[in-house]
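Working notes, structure below.
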Amino acid sequence: MLYRVFPVALTLAVFFGTALTAAAQQNPVVLMKTSKGDITIEFDQARSPITVKNFLSYVDAKFYDGMIFHRVIPGFMIQGGGLTPDFQEKPAKSPIKNEAGNGLKNLRGTIAMARMEELNSATCQFFINHVDNPSLDTMKYAVFGRVIKGLEVVDAIAEAPTGTIKGYEAAPRQAITIISVRRVETK
């Protein structure tokens with residue numbers, strides 16, 4: 001009986017394996033140009049569909065253009081996407097459902113949504129993990145992608161001298177600007 005099932009199972013595995021590989025190749029990718037260099041980020045659309053759709057809606061609206069990284073902690077993360085260079089909050093859309101628990105972990109180079117204490121409060125702010133941060137998985141910070149190029153830029157941003165500026169702690173003393181974030185065509 002097993003010999004009859006095995007070819008079908010193998011055929012399905014090959015089919016779904018090919019389908020999964022093709023799906024992975026279709027993950028959206030963005031190029032984030034910053035005043036410290038370029039960061040290329042690939043999103044996991046299959047495991048974080050709500051978060052990816054939300055982030056890309058901000059990208060498509062050019063919302064992040066001219067924003068800053070306003071919180072930078074070496075050995076932890078870099079955070080941006082919500083404040084202008086004069087530390088004014090830019091109006092955001094409604095919060096989204098938290099997709100933590102999707103199997104993605106807060107590891108070095110992953111991008112996750114920043115949020116308030118309320119679990120479903122993420123809007124436009126994001127952070128990139130400078131190191132592995134397993135405690136953020138426990139705290140349910142939703143990872144939705146990873147840096148595929150430009151990790152040295154993340155390191156450079158994380159090492160910027162910081163202070164308290166307009167009430168924001170760990171703010172870079174010299175503004176680190178997000179020049180633009182645009183979708184990149186993938187093959």
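Would you please name the residue that is surrounded by the fewest Cβ atoms within 10 Å (Cβ to Cβ), looking only at residues in the range 170-187 that are out of contact with any Ser or Thr (no Cβ under 8 Å at 6 or more places or on another chain) and not hydrophobic (A, V, I, L, M, F, W, C)?
It comes out as LYS187.
Need pairs with beta-carbon distance below 7 Å; first residue touching a residue at least 40 places away in the same chain (Cβ under 8 Å) and surrounded by 11 or more Cβ atoms within 10 Å (Cβ to Cβ) and within the range 87-98, second among the aliphatic types (A, V, I, L, M) and part of a loop (DSSP other than H, G, I, E, B); sequence gap 6+ or separate chains.
Hits for this filter: ILE96/ALA122; ASN98/LEU119; ASN98/ALA122; ASN98/ALA142.
Find the residue count for the range 65-81, including only residues that are crowded, with 21+ Cβ neighbours inside 10 Å and in a loop (DSSP other than H, G, I, E, B).
Looking only at that region, the number is 1.
Could you list all residues from the range 126-140 that are over 25 Å from GLN174 (Cβ atoms) and either charged (D, E, K, R) or buried (at least 22 other Cβ atoms within 10 Å of the Cβ) (or both)?
ASP132, ASN133, ASP137, LYS140 - these are the residues of the range 126-140 that are over 25 Å from GLN174 (Cβ atoms) and either charged (D, E, K, R) or buried (at least 22 other Cβ atoms within 10 Å of the Cβ) (or both).
So for the range 83-97 (the condition being touching a strand residue (DSSP E or B) at 6+ places or on another chain (Cβ under 8 Å) and outside any loop (DSSP other than H, G, I, E, B)), does at least one residue qualify?
yes
When VAL8 is evaluated against the numbered criteria (1) outside any helix (DSSP H, G or I); (2) of a type outside the set (D, E, K, R); (3) modelled with pLDDT under 85, which criterion, by number, is the only one it fails?
Checking VAL8 against (1) outside any helix (DSSP H, G or I); (2) of a type outside the set (D, E, K, R); (3) modelled with pLDDT under 85, the one that fails is (1).
How many residues does the range 101-137 hold that are in a loop (DSSP other than H, G, I, E, B) and either in contact with a helix residue (DSSP H, G or I) (Cβ under 7 Å, 6 or more places away or on another chain) or of a type in the set (Asp, Glu) (or both)?
8
Return only the number of the condition from (1) assigned to a loop (DSSP other than H, G, I, E, B); (2) farther than 26 Å from ALA156 by Cβ; (3) touching a residue at least 40 places away in the same chain (Cβ under 8 Å) that LYS62 does not satisfy.
(2)
The values are calculated or read from the model by the stated rules, or taken from the named source; none is laboratory data. This is a predicted model, so every value here is computed, not measured. Cβ atoms come from the backbone with ideal geometry, glycine included; neighbour counts cover every protein chain shown.
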